[in-house]
Structures are given as structure tokens and as C-alpha cells.
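Shown below is the structure under consideration.
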Amino acid sequence: MADYRLRYKKTGRLRFISHLDLLRLVERAMRRADLRIIFTQGFHPHPRLSFGPALPVGFESIDEYLDISLQVGISPVEVRERMNKGLPDGFQILDVAEIINKVKPLTAVINQAEYTFEETSLITEEIYPELQLLWEKENIEIERRSKGGGGKNINIRPFWHQWKLHEGEKGPSLKITVEVGNKGSIRPDEFLGLLSDKVAFHKGTRTHLWVCDGNIRVSPMELC
């Protein structure tokens, strides 16, 4: 048996598939690659796959993570090459590492994310004042709906860590760093909902996922 951590990107039309569809896509790709994955025990066995935090539908990502367990160990390079042959355009395995250390599930350790928002008709001088006013607030409350149908107001300001506007060839882009995970989070669609209709970005990408402990911030690949 061997465990591996995969880093991948999901772009283009695949940004519209759900997390459940993503799971099915990976399962099919592993069967095509003839990778003998380990299944869970019980009445309804399923592949031992562990994804990082779910990405909202409609957003691309260039830094996602997935843990898999195989019955027979092969080289990380072979895992990557065989997987990529069976994956559709827009889904690519970027890096693979064999897990040697004892690691926790990805959703238990990944606690910060960076998002980049692009494609706006505005210039930096039109966007900056609104973002600065939002950043200076001590409380930013949103309503989150529960599965039972009820609602709850949550202050998400403590989960917003950084922001920066960048000038690019196609105009300004906005980068934000936010908390993710069980201790608190900000979803990118929630953040965009805080902005006025005037400040509209039409493309969102998750550009980094990190494991942070105090002032130390590392990639999930470094834990293997």
C-alpha cells in the first residue's frame, strides 16, 4: 500500500462541475490509468480519496490538493503521467509526492486560501476606495443559511487577512487571503457579494492553498 498527495489545477469549462462530479471524474481517470486504488470497508465501499476544501462552482483553481491510497506503490512521476492521460482538458495533475509522514486529512490542515479576481471594466482608482473602507470595518456581517433552512448572522471580518490590487496588462486584479476550514471561513462568492454593483469582477481563481501555524505558512506538499 502507498499513499500519495496530488496537486492539480481545474480551469476552463471544468469550473462549472460540482464537488461530487469532480469525485466521479477522478475515479474514472484512475480506472483508465489502471491505478489500483484502495476502497473503504463496509456495505457501501468507496475509493479512499481525500480532497482539500471544496471550490465553489464557477471558480477556477491552479492550486488544489487530493490524497489517494493505492494497493501497489509506484513512482510519483508515473502516478502523474498515468493520471493526466485519462483526465479531460482543464484538469491537470501538476505534482505528486508519496506520503511518508503521518499526515492529517487535507481539510483538517489547510486553513488559508488566496483568491484572485480579474476582468473588470474599472481602473484601480475606482476600486481602491471601496475596498479600503471595507477593510477598515471591525465587523462585516453576512447571513449564512443552514441545511435545516434557518439563517445565522456571522462576522467574517476576522477571517479576511490580506488584500492587494495589482496592475496587469488587462487591467487591475484583486488578490485576497482568507481563512478556510472549520474554525471559520470566507467563500469567494461571499466576498464578491460585499462589493457594490459598480465594482464587478467577472473571473475568480483560487491561486493558493496553505497550511498556516502562527507565522509559518507552507504548502500541503511540504507536509508529506
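Going by alpha carbons, how many degrees (0 to 90, nearest 10) lie between the helix axis of 124-135 and the longest principal axis of the chain?
Long axis of 124-135 versus the principal axis of the chain: about 80 degrees.
Something else about it: For region 29-101, state which chymotrypsin sites (Phe, Trp or Tyr not before Pro) are in a DSSP loop and have at most 13 other beta carbons lying within 10 Å of their beta carbon.
Phe43
Output the Cα-based Rg and Dmax of the chain in Å, rounding Rg to one decimal and Dmax to a whole number.
Cα radius of gyration and Dmax of the chain are 19.1, 59 Å respectively.
Within the chain, what's the longest run with no GluC sites (Glu not before Pro) in a DSSP loop and at most 14 other beta-carbon atoms within 10 Å? Give the range, please.
Numbers: sites that count: Glu119, Glu136, Glu138, Glu169.
It runs 1-118.
In whole Å, what is the distance between the alpha-carbon centres of region 172-208 and region 92-157?
If we compute the Cα centre of each part, the gap is 5 Å.
Another question, if that's okay. For the chain, give the percent of accessible area contributed by carbon and sulfur heavy atoms, probe 1.4 Å, rounded to a whole number.
The nonpolar share, carbon plus sulfur, comes to 49 percent.
Send over the Kirkwood Rh of region 26-75, from the inverse of the averaged 1/r over different Cα pairs, rounded to one decimal Å.
Result for region 26-75 stands at 12.7 Å.
Rounded to the nearest 10 degrees, what's the angle between the helix 19-32 long axis and the longest principal axis of the chain, both from Cα atoms, 0 to 90?
That helix lies at roughly 30 degrees to the long axis.
Only Cα pairs within less than 10 Å get springs; with that Gaussian network setup on the chain, which residue of Ile100, Ile37, Ile156 has the largest fluctuation?
Checking each option, the largest mean-square fluctuation is seen for Ile100.
Can you give the angle from 0 to 90° between the axis of helix 76-85 and the longest principal axis of the chain, with both taken from C-alpha atoms, to the nearest 10?
Taking the Cα atoms of the chain, the angle to 76-85 is about 80 degrees.
Here's something else I'd like to know. Excluding the sites themselves, what is the longest stretch of the chain that contains no trypsin sites (Lys or Arg not before Pro) in a DSSP loop with at most 15 other C-beta atoms within 10 Å? Don't skip to the end; give the middle numbers.
Working: sites that count: Arg36, Arg48, Lys102, Lys137, Lys147, Lys170, Lys183, Lys198.
The answer is 49-101.
If you don't mind, there's one more thing I want to ask. Where does each of Asp197, Asp34, Asp3 land when they are ordered by accessible area, with a 1.4 Å probe and the largest first? Kindly include the intermediate steps, with their values, before the conclusion.
Details: Asp197 150, Asp34 110, Asp3 45 Å².
Sorted by accessible area, descending: Asp197, Asp34, Asp3.
Just to confirm, what accessible area per residue do you get for the chain at 1.4 Å probe, in whole Å²? Intermediate values should be presented prior to the final figure.
On the way: 12730 Å² over 224 residues.
Per residue, the chain has an accessible area of 57 Å².
The values are calculated or read from the model by the stated rules, or taken from the named source; none is laboratory data. Keep in mind it's a predicted model, so treat the numbers as computed, not measured. All Cβ positions, even for glycine, are placed from backbone atoms using ideal geometry, and neighbour counts span all protein chains on display. We work out accessible area using only protein heavy atoms, side chains counted, and drop any ligands, DNA or RNA first. Shrake-Rupley method; radii C 1.70, N 1.55, O 1.52, S 1.80 Å.
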